[in-house]
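Below you'll find the structure, written out as structure tokens, and then a few comments.
The values are calculated or read from the model by the stated rules, or taken from the named source; none is laboratory data. Just so it is clear, the model here is predicted, and its values are computed rather than measured. Here the Cβ is made from the backbone with ideal geometry for all residues, glycine too, and neighbour counts use every protein chain on show.
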Amino acid sequence: MREKKPTLVILAAGMGSRYGSLKQIDTFTKEGDTIIDFSLYDAIRSGFGKIVFIIRKKFEKEFKEVFNKKLEGKAEVDYVYQELENVPKKFINPNRTKPWGTGHALLMAKDAVKENFAIINADDFYGAEAFETMAKYLMKTEKESYNFSTMAYTLKNTVSDYGYVSRGECQVSDEGYLTDVKERTHIEKINGKLMRKDDDGQFVGIDENTIVSMNFFGFTPKCFEFGNQLFEEFLETNKGNLKAEFYIPNIVNEILKSSVASVKVLKSDAKWFGVTYKEDKEIVQRAIEQLKMKKVYPSKLW
């Protein structure tokens, strides 16, 4: 049994274009809690020992002001930066304005992550149980192994009432391992039914009980062997596309194709909440208030 504490990597370099502001450090309680605060609290309580924030360099001051003091003495903290120019020189495009996606962000963390680690979105609330389950799995996994994992949710528990969301649609084997994950970049509730856009931009139905990934993956450092070559191929294919994004499921599917690695599906029945849209904020505030009233969280986290 390995006892080394795992690391938590937080994807926080997104621009929040649908939300309208830097939602990663927006506050949701009168105590000034961000959504990240609850993930940090749950992760540290579950046994994570280091936090790595993936951010844009221009937001460094704001992030450090918000999180460094809270985490002092509780966990080691590091920052890595996802910038548009963090690609081979020949692919730098001055007209591009947004980062290259979550898969690119993951690759940026390579030098900061030496232990088994989980990676999450900054703007999603995953629930304490998910962190406990993931921490246990990572702690019993050998660092040199290719035994990866993902925390899976039921689609109906993860949608916004105010617009579309992106989710990774998972195919799971009878033994509980991931066999395929497809990034669905547009899933929306229309007239009470869940619909997704297909490759032609047409709406088709999607089962509300579909198992989906919320970018909550568990990796050993071996995962970095799969990404760099794939990302360069992606850049070559998409060099003229200013909006193309390289997602973590791109890397996961490469892992699944290999004969050496596996991705165990860990399931959570939790009701997700997060902030894709400004209108989501009030719902999140109410949900957090209820959790504090039920003493799931103390009124003052830190």
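Looking only at the stretch 88-140, which residues are polar (S, T, N, Q) and crowded, with 17+ Cβ neighbours inside 10 Å?
Start the filter on the stretch 88-140 by keeping residues that are polar (S, T, N, Q), which leaves 93, 95, 97, 102, 116, 121, 133.
THR102, ASN116, ASN121, THR133, listed by residue number.
Among the residues of the stretch 144-158, which ones are within 16 Å of THR179 (Cβ to Cβ) and not polar (S, T, N, Q)?
Just the residues of the stretch 144-158 that are within 16 Å of THR179 (Cβ to Cβ), to begin with: 146-150, 152.
Within the stretch 144-158, TYR146, PHE148, ALA152 meet the criteria.
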Taking the condition buried (at least 17 other Cβ atoms within 10 Å of the Cβ) and either aromatic (Phe, Trp, Tyr) or in contact with a Phe, Trp or Tyr (Cβ under 7 Å, 6 or more places away or on another chain) (or both), does THR29 pass?
no
Please determine whether any residue of the stretch 98-109 is outside any helix (DSSP H, G or I), charged (D, E, K, R) and closer than 30 Å to GLU233 by Cα.
yes
Of all residues in the stretch 192-246, which are in contact with a His (Cβ under 9 Å, 6 or more places away or on another chain) and not hydrophobic (A, V, I, L, M, F, W, C)?
ARG196, LYS197, GLY201, GLY227, GLU245
For the structure I just gave you, tell me whether GLU132 is modelled with pLDDT of 95 or more and in a loop (DSSP other than H, G, I, E, B).
no
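Rundown of residues vs (1) polar (S, T, N, Q); (2) assigned to a strand (DSSP E or B); (3) under 21 Å from the mean Cα position of the chain (by Cα), yes/no style:
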| position | (1), (2), (3) |
| --- | --- |
| ARG196 | no, yes, yes |
| ASP200 | no, no, no |
| PHE224 | no, no, yes |
| GLN229 | yes, no, no |
| PHE234 | no, no, yes |
| PHE246 | no, no, yes |
| VAL265 | no, yes, yes |
| LYS271 | no, no, yes |
| LYS278 | no, no, yes |
Quick one: VAL159 ticks every box in (1) at pLDDT 95 or above; (2) closer than 22 Å to ILE248 by Cβ; (3) assigned to a loop (DSSP other than H, G, I, E, B); (4) touching a strand residue (DSSP E or B) at 6+ places or on another chain (Cβ under 9 Å) except a single one, so which number is it?
(1)
Across the stretch 128-180, what is the number of residues that are in contact with a Phe, Trp or Tyr (Cβ under 8 Å, 6 or more places away or on another chain) and over 18 Å from GLU208 (Cα atoms)?
8
Considering only residues that are more than 13 Å from CYS170 (Cα to Cα) and touching a helix residue (DSSP H, G or I) at 6+ places or on another chain (Cβ under 6 Å), which ones fall in the stretch 209-226?
GLY218, PHE224, PHE226
